[in-house]
Amino acid sequence: MDIGLILTAGNARANVDLAVRAEAAGFSSVLSIEFFNQHAFAVLGAIAQATDRIRIGTGIANAFTRSPLVHANAAMDLDDLSGGRMILGLGSGTRKMNTDWWGMPFARPASRMREQVRLIREVFAAGNGFGFRFEGEFWNLNIPAFTRPGARPDLPIWVAAVNDPMMRAAGAVADGLVGHPIATRRWHRERTLPTVRAAEEKAGRAAGACALVPYVLTSLHEDRQRAVDNAKKQIGFYYTSKLYHSILEPHGMLDVGERCRAALRTFDINAMAAAVPDELVDEIGIACTPDEARDRLSQWDGLCDEVLLYAPTVGVGRADIEANHAAMLAVFGRGRGVGGEGRG
């Protein structure tokens, strides 16, 4: 199983350092995230120059705050800088994120995502020719002089998805579906994979054309209860959004989501964590001592060929975050050491 790492070191410089260490440890990929205080693309330019082998990517960039052409050009620039190691990961975000954080309209996200991915693919394919034109429902572009020598037409595009409409969009057009950090293994077995496979077939694609690439929330500490408690804080925070409560339904745990939402009124992180039962943590991620971690990861065998390890940060102290990163590199690295010296 390939093991990637989501970069959650806290700032751009720290994330570059973490990426260098992940490459030295033998991880397969490092991916940046986008939030109200983080840009998904900028840090990857520095990482591309500071590393040699590891794949880099956005895991994820917000799809609808940029023109598709801007996404495509950023991805091609980073692919050039990294020598062909770039993955473009896109996600719609929630309605509130788009309207309240970025001031962007939010309508028909799954349909827009399908068209955006097709458009970006056509930009990649057109790069080595001359001229570009696209006519769609949401975007109409006409660039008679467009050219991009050296563009990689098969640069991978991943789409983040939780619920059925976006899962179907990913299955129809994407190379990978990025699973949400609080999606359970049962959810992926019973909902994600069947929905994606049906969408692939309907679109005339081969089974497995869209790989499942799940986030796996990973919290390691010598004090097992502390590892579990740190994971619960992140899980509880995510479940304050009703959009994700569909994941709880097959487990008969909708009440968990409601208790997390109630705690949001006073932003009581501890109350959010207290609402999350241990069995849900075990279904979602890896929260244990370092010695137990590899056995926990083996529970994902058969579901996917690559996982993206994701350290909890909500309500977690900086010392615990850094210790968790170090433990993740040591436990899941592939024997090349975790110190590492970059080229930058």
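Per-structure values
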read-out	value
Pair list, Cβ < 9 Å and 6+ apart or interchain, from segment 27-49 residues that are touching a residue at least 60 places away in the same chain (Cβ under 8 Å) and surrounded by fewer than 22 Cβ atoms within 10 Å (Cβ to Cβ) to residues that are of a type in the set (Phe, Trp, Tyr) and in a helix (DSSP H, G or I)	Phe36/Trp101
Scan of segment 1-23 for residues that are more than 18 Å from Ala323 (Cβ to Cβ) and out of contact with any helix residue (DSSP H, G or I) (no Cβ under 6 Å at 6 or more places or on another chain), ordered by number	Met1, Asp2, Gly4, Arg13, Glu23
Matching option when the condition is β-branched (Val, Ile, Thr) and within 27 Å of the chain's Cα centre (by Cα), among Ile143, Ile120	Ile120
The one condition in (1) touching an Asp or Glu at 6+ places or on another chain (Cβ under 7 Å); (2) free of Cβ contacts under 8 Å to residues at least 40 places away in the same chain that Glu122 fails to fulfil	(1)
Qualifying positions in segment 192-240 - outside any helix (DSSP H, G or I), free of Cβ contacts under 8 Å to residues at least 60 places away in the same chain, out of contact with any Cys (no Cβ under 6 Å at 6 or more places or on another chain) and surrounded by 24 or more Cβ atoms within 10 Å (Cβ to Cβ)	Cys210
Of all residues in segment 125-136 being touching a residue at least 24 places away in the same chain (Cβ under 8 Å) and part of a loop (DSSP other than H, G, I, E, B), the one that is surrounded by the fewest Cβ atoms within 10 Å (Cβ to Cβ)	Asn128
All positions within segment 268-310 that are closer than 30 Å to Ala209 by Cβ, touching a Leu at 6+ places or on another chain (Cβ under 8 Å) and aliphatic (A, V, I, L, M)	Ile284, Ile286, Leu303, Val307, Leu308, Leu309
Inter-residue pairs, beta-carbon under 7 Å, first more than 25 Å from Asp175 (Cα to Cα) and in segment 89-105, second assigned to a helix (DSSP H, G or I) and among the aliphatic types (A, V, I, L, M), 6+ apart	none
Identity of the residue in segment 66-102, buried (at least 17 other Cβ atoms within 10 Å of the Cβ) and β-branched (Val, Ile, Thr), that ends up modelled with the highest pLDDT	Ile87
Qualifying residue in segment 137-146 (condition: crowded, with 17+ Cβ neighbours inside 10 Å, farther than 30 Å from Ile235 by Cβ, touching a residue at least 24 places away in the same chain (Cβ under 8 Å) and of a type outside the set (A, V, I, L, M))	no
Qualifying residue in segment 272-280 (condition: part of a loop (DSSP other than H, G, I, E, B) and surrounded by fewer than 17 Cβ atoms within 10 Å (Cβ to Cβ))	yes
Unique residue being crowded, with 22+ Cβ neighbours inside 10 Å, within 27 Å of Gly4 (Cα to Cα) and aromatic (Phe, Trp, Tyr) when the list is Tyr244, Tyr310	Tyr310
Sole exception among (1) of a type in the set (Phe, Trp, Tyr); (2) under 24 Å from Lys242 (Cβ atoms); (3) touching a Ser or Thr at 6+ places or on another chain (Cβ under 8 Å) for Phe41, by number	(2)
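The values are calculated or read from the model by the stated rules, or taken from the named source; none is laboratory data. Everything quoted here is computed from the prediction, not taken from an experiment. Positions of Cβ are generated from backbone atoms using ideal geometry, with glycine treated the same way; all protein chains shown enter the neighbour counts.
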